[in-house]
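Chemist: This is the structure, below, for whatever I ask next.
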Amino acid sequence: MTPLRLISGSAGVLALVSLAVTLWTGIGDRGVALCFGLLIAVGELSLPQALGSGRAAGTAVTGARVREAAPVGAAGALSYALLGEVAGRPAQHGAAQVVTVVLAASLLGSVPHIWQGRSPTLDHLARRVLTVGFAAVCFQRLYTQGVFGSWGGPAYALLVLALLVLTALCDALLAAAQAHSRTRWPFGPLLRDELRGLLGIGSAVCATGAVMALAVAVAGLWALPVFCLPLLLTQLSLRRYAAVRATYRQTIASLARATEVAGYTPAGHAWRVAALSGAVGRDLGLSGTELTVLEYAALMHDIGQLSLVDPVPAGATAGLPPEEQRRIALLGGAVVRQTGVDAAVAVVVERQADPYREQPVAARIVRAVNAYEEMAREAGPGGPLKALEELRLGTAGDYAPEVVESLARVLSRDCLTLPLPG
């Protein structure tokens with residue numbers, strides 16, 4: 001059984017058991033359950049369109065994504081799981097009711113997305129059910145045994161925060177396992193990116209969840225809107241930032257198409273190189289930031305050809321003399337610097353024609369993948385195999401051996417097919 005099926009199956013079993021227990025015992029503190037359910041549903045309404053359509057939010061060629069798509073809903077779910085008291089009186093709900101309310105509210109908040117044809121991803125829902133179930137079971141077990149009662153003041157808050165940190169770590173493991181099962185990308189870099197994401201919006205979600213649970217225990221349900229407001233404003237800022245990043249990437253993609261529009265390179269060449277470079281970068285374990293730089297550099301790797309008076313036939317630079325390749329690469333780097341793109345992207349473009357032992361990893365990848373795409377395109381039906389063989393023969397001095405072998409692994413998983421234009 002794959003990790004993806006195991007996670008989905010476990011979430012389904014937990015949801016069914018929780019629903020059955022809740023129906024059998026009834027709903028305790030219905031007003032509290034309704035308030036938290038509405039909060040979670042409203043948080044789910046803000047789910048980005050990319051995630052609602054089945055793709056991870058923020059996904060590009062690199063596969064990078066936003067760590068938490070609905071932080072208000074996540075914080076509300078976690079605070080409900082860690083709620084021991086309401087305005088000084090003991091709460092009347094159990095772990096099964098927490099899972100049931102969170103599941104029902106998440107599904108309710110997904111209705112508008114389904115209505116617009118953007119069905120919610122099951123991965124997101126399965127992780128939400130399992131992480132909230134984990135937090136609720138652990139908290140309720142400790143709370144009923146009087147552990148929290150014997151800890152007062154700051155110690156109580158620290159214990160709640162520690163439990164939230166454990167829950168966040170479990171969520172990161174589940175997210176990395178799901179991504180690994182769906183994409184077959186290396187698990188280590190995926191987990192590293194998930195853990196890095198916890199330092200951003202993930203920490204804000206955990207802190208807000210803890211504060212809301214503690215505030216509701218003292219002040220009652222009026223604390224919910226008060227303490228959700230900062231996280232909501234943070235979410236709006238993040239979405240604006242994501243919109244700016246999307247516009248930034250579209251600008252780079254438009255610049256990359258300039259060589260195709262001018263007739264210097266074949267249609268879709270830059271997109272194919274970018275998609276395949278991203279796959280190789282993930283196979284080699286590059287981080288999310290490194291993958292973004294790699295994607296942008298791959299999209300703009302041929303932009304130096306715009307400075308040529310006589311176009312290179314079919315835009316194939318891999319067969320040019322080394323001096324000419326370096327000249328075009330330096331021209332491309334100069335153009336990239338003038339566009340205001342990250343200097344790291346310009347460095348990769350400039351050094352893509354250097355000897356591979358002197359190149360950064362991203363430049364090694366772009367050089368090998370660009371050569372492969374040009375060779376495979378020119379070699380006909382047997383192009384992919386012939387191109388790989390030529391690249392292997394060139395590992396003595398032109399192409400990094402580890403990059404060529406990674407490229408072979410990626411193409412083997414994809415049955416030796418090239419990515420389509422974006």
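Chemist: Looking at the chain as a GNM with Cα springs under 10 Å, which of Thr100, Thr247, Thr292 has the largest mean-square fluctuation?
Modeler: In this elastic network of the chain, the residue with the biggest mean-square fluctuation among Thr100, Thr247, Thr292 is Thr247.
Chemist: Also: Leaving ligands, DNA and RNA out of it, report the carbon-plus-sulfur percent of the accessible area of region 332-377 at a 1.4 Å probe.
Modeler: Looking at region 332-377 in its full context, I get 50 percent from C and S.
Chemist: Under a plain spin-label model, where a point goes 7 Å from the Cα along Cα-to-Cβ, how far apart in nm are Thr183 and Leu320?
Modeler: 3.2
Chemist: Among Leu286, Leu255, Leu393, which one shows the biggest mean-square fluctuation in a GNM of the chain, springs joining Cα atoms closer than 10 Å?
Modeler: Per the Cα network of the chain with a 10 Å cutoff, Leu393 tops the list.
Chemist: Now for a separate question. Let me know the charge dipole size of region 280-381 about its Cα centre in debye, to the nearest 20, where only the beta-carbon of Lys, Arg (+1) and Asp, Glu (-1) is charged.
Modeler: 160
Chemist: While we're on this one: Roughly speaking, what is the stretch gain from Tyr248 to Arg89, that is 0.36 nm per residue apart minus the C-alpha to C-alpha distance, in nm to one decimal?
Modeler: My answer for the length gained is 52.1 nm.
Chemist: May I ask for the angle, rounded to the nearest 10°, between helix 154-183 and the longest principal axis of the chain, with both axes built from Cα atoms and the value confined to 0 to 90°?
Modeler: Compared with the principal axis, the helix lies near 40 degrees.
Chemist: Another question, if that's okay. May I ask for the angle, rounded to the nearest 10°, between helix 361-378 and the longest principal axis of the chain, with both axes built from Cα atoms and the value confined to 0 to 90°?
Modeler: The two axes meet at around 60 degrees.
Chemist: Dipole magnitude of the chain about its Cα centre, charges +1 at Lys/Arg Cβ and -1 at Asp/Glu Cβ only, in debye to the nearest 20?
Modeler: So the magnitude is around 980 debye.
Chemist: Note down the relative contact order for the chain as a percent, whole number, built from C-alpha pairs under 8 angstrom at least six residues apart.
Modeler: This gives 15 percent for the chain.
Chemist: Taking only protein heavy atoms and a 1.4 Å probe, what accessible area per residue, in Å², does the chain have with all protein chains in place?
Modeler: 46
Chemist: Right, another one. Quick check: the angle from helix 223-261's long axis to the longest principal axis of the chain, C-alpha only, nearest 10 degrees?
Modeler: Helix 223-261 and the main axis of the chain meet at about 10 degrees.
Chemist: Further question on the same structure: Looking only at Val13, Val160, Val341, which one moves most when the chain is put into a Gaussian network model with springs between Cα atoms under 10 Å?
Modeler: Of the options given, Val13 has the highest mean-square fluctuation.
Chemist: Could you work out what % of the accessible surface of region 254-326 is carbon and sulfur, using a 1.4 angstrom probe and leaving DNA, RNA and ligands out of the count?
Modeler: Ligands and nucleic acids excluded, carbon and sulfur reach 58 percent.
Chemist: Suppose the chain between Leu23 and Leu221 were pulled fully straight at 0.36 nm per residue; how much longer would it get relative to their current alpha carbon spacing?
Modeler: 68.8 nm
Chemist: Let me ask another. Any chance you could run the full-extension gain for Gln338 through Leu107? It's 0.36 nm times the residue separation minus the Cα-Cα distance, nm to one decimal.
Modeler: The Gln338-Leu107 span can extend by a further 78.4 nm.
The values are calculated or read from the model by the stated rules, or taken from the named source; none is laboratory data. Bear in mind that the values here come from a model prediction, so they are computed numbers and not experimental data. Don't worry about glycine lacking a Cβ; one is built from the backbone with ideal geometry, like all the others, and counts go over all protein chains shown. Areas reflect the complete protein model, heavy atoms only, side chains present, ligands, DNA and RNA absent. Shrake-Rupley method; radii C 1.70, N 1.55, O 1.52, S 1.80 Å.
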